[in-house]
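Report on the following structure.
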Amino acid sequence: MTIRPNISTTKAVTPPAIREWLSTVRPMLIDGKWVAAQSGKTFEVFDPATGDTIAHVAEGDKADVDLAVKAARRAFEGPWSRMTPSERGRIIHRIGDLILHNADELAAIEALDNGKPKAVAKAADVTLSADMFHYMSGWASKIEGKTIPISALTAPGAEFVSMTRMEPIGVVGQIIPWNFPLLMAAWKLAPALTTGCTVVLKVAEETPLSALRLGELILEAGVPAGVVNIVPGFGATAGAALAEHPGVDKVAFTGSTEVGRLIVQAASRDLKKVSLELGGKSPNIVLGDADPELAIAGATSAIFFNQGQCCNAGSRLFVQRNLFDKVVDGVAARADKIRLGPGLNEDTEMGPLVSRVQYDRVTGYLASGRQEGARAICGGEGLAGSGYFVAPTVLVETKPEMKVVREEIFGPVLVASPFNEVDDALIAEANNTIYGLAAGVWSGDMARALRVANRLRAGTVWINCYHVFDAALPFGGYKQSGWGREMGQAVLSNYLETKAITSRIG
Ligand code: NDP
């Protein structure tokens, strides 16, 4: 097979202000101060487009996590709990404003560190991050309990007033991945701050930079010392220490299902509350009455957006047989035209994968697909040369038991298969996965599409669209895709305890 990827030929230039910012070791944020690791250790951060080192970052571990948790506890019991909801809301809103004010710089950092195209980072990651803080800021003053009429059967004749208060859960340990570094920080921090919690955030070692810059903006917005602590470091050390720290009341995690299980084990000793946003292998179903051009464009973006590194990627495409060749060839033709290049190049449409490890993982799946008999009608391999580029790939002639069909690849690899009827067998196959994060349905008949959507075991179903996220909409998984929801009013419950107060008044 000939691979003819479209390659960006412009020259990526790191903005001078970012080069300057990265010229010294980036410290971690503990108790409102930027500090080195207790151990003095640092780790390297790489540009995935070249493999070159772009930064050195303080490497947090158990000792730093311990200091951060203690600072978060002091802040929880101190200034943050004494602040009025309206003051808290104003500060959180200001964080959103500062993100927009620094949008260009944040997008460039994200492009350099994660590899995604800068224009995409600006339009999606940065914009949605700001919106998350803006949206959540309004909730700070609207977290209400109830008054509840009780029957008090054991105290006949007595009179009571009962009410509930929604209280912050306390100190939260948050652990995030590398696919949307800034946005994942926003999804985690904004609701925690809104509810009055304080946070220790462990960022992914591949992509710590945008969250560290966000930490500077958080201080500039007026968040008191210790309310947000940011500890970069490795999962097995800093991450594990945070998940098991006895001073942490709740752990919120986004990442692989495998590490999600480790988080649950670590948190179980103290029975900490846990919320998890994990993997996916989402079905994207094109019914025979769909608009093929819409479905082609949608299925392409469903899998290839963010280099396929999306937990909700539409990675299993099911197309009714009358449209199968047209839609699958259409997706492959679009995939061949996607221009690959460094995220900072203006004409780049798809960047590299985030790391050598992820490149090896994804190309390993491509090899396994070949061995098991799948056929690539476009792409199919990693690109030779520097950087971790993988050609956008569509695999056909797949079977349900193949690894590429069963497992989350987390790269630009689509598996496509035809179906004959919209029936129980189709629904069963679409739901035939341990995951249940998202799904897509394409049809010209809304009632029919809704009937399919109702039967899909997934936390999000998009009809005639894909990847539509909004701070107001809950997002999360059925089955092994997680516990709890991110965003919307629903996320607040991740960070709140309900207290019932009953008072005898007669
Ligand atoms: P991980 O699940 O390992 O990483 C997510 C976060 O968890 C990172 O901050 C990581 O730290 C941390 N972590 C790792 N091990 C532990 C631990 N024992 N205790 C506490 N925290 C820990 O994802 P990977 O980067 O290894 O990616 C592997 C696969 O996970 C991908 O191929 C993809 O399938 C899936 N994934 C899913 C994501 C999602 O959004 N649902 C996001 C990213 C990956 P560190 O970065 O230092 O390893």
### Message
Being in contact (Cβ under 8 Å) with a residue 40 or more places away in the chain, under 27 Å from the mean Cα position of the chain (by Cα) and more than 16 Å from the ligand (Cβ to nearest atom) narrows it down to one residue among VAL415, VAL461, VAL422, VAL452; which is it?
### Response
VAL452
### Task
Only one of these is polar (S, T, N, Q) and out of contact with any helix residue (DSSP H, G or I) (no Cβ under 9 Å at 6 or more places or on another chain): SER23, SER39, SER81. Name it.
SER23
### Message
Could you check region 326-352 and list, in sequence order, the residues that are more than 16 Å from the ligand (Cβ to nearest atom), closer than 28 Å to VAL286 by Cα, surrounded by 15 or more Cβ atoms within 10 Å (Cβ to Cβ) and small (Gly, Ala, Ser)?
### Response
GLY330, ALA332, ALA335
### region 204-260, subset among the charged types (D, E, K, R) and within 7 Å of the ligand (Cβ to nearest atom), residue surrounded by the fewest Cβ atoms within 10 Å (Cβ to Cβ)
GLU258
### Scan of region 275-321 for residues that are near the ligand (Cβ under 10 Å from one of its atoms) and either basic (Lys, Arg) or over 20 Å from the mean Cα position of the chain (by Cα) (or both), ordered by number
LYS281
### Task
Enumerate the pairs (first residue in region 215-240 and on the phi > 0 side of the Ramachandran plot; second residue anywhere and within 12 Å of the ligand (Cβ to nearest atom)) with beta-carbon separation below 6 Å, excluding pairs fewer than 6 apart on the same chain, so at least 6 apart or on different chains.
GLY233/GLU59; GLY233/GLY60; GLY233/ASP61
### Query
Can we say SER355 is touching a residue at least 60 places away in the same chain (Cβ under 8 Å) and within 16 Å of the ligand (Cβ to nearest atom)?
yes
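Read-outs throughout are calculated quantities, based only on the coordinates presented, and are distinct from any laboratory measurement. Not measured: the values here are computed from a predicted model. Backbone-built Cβ (ideal geometry, glycine too); neighbour counts: all protein chains shown.
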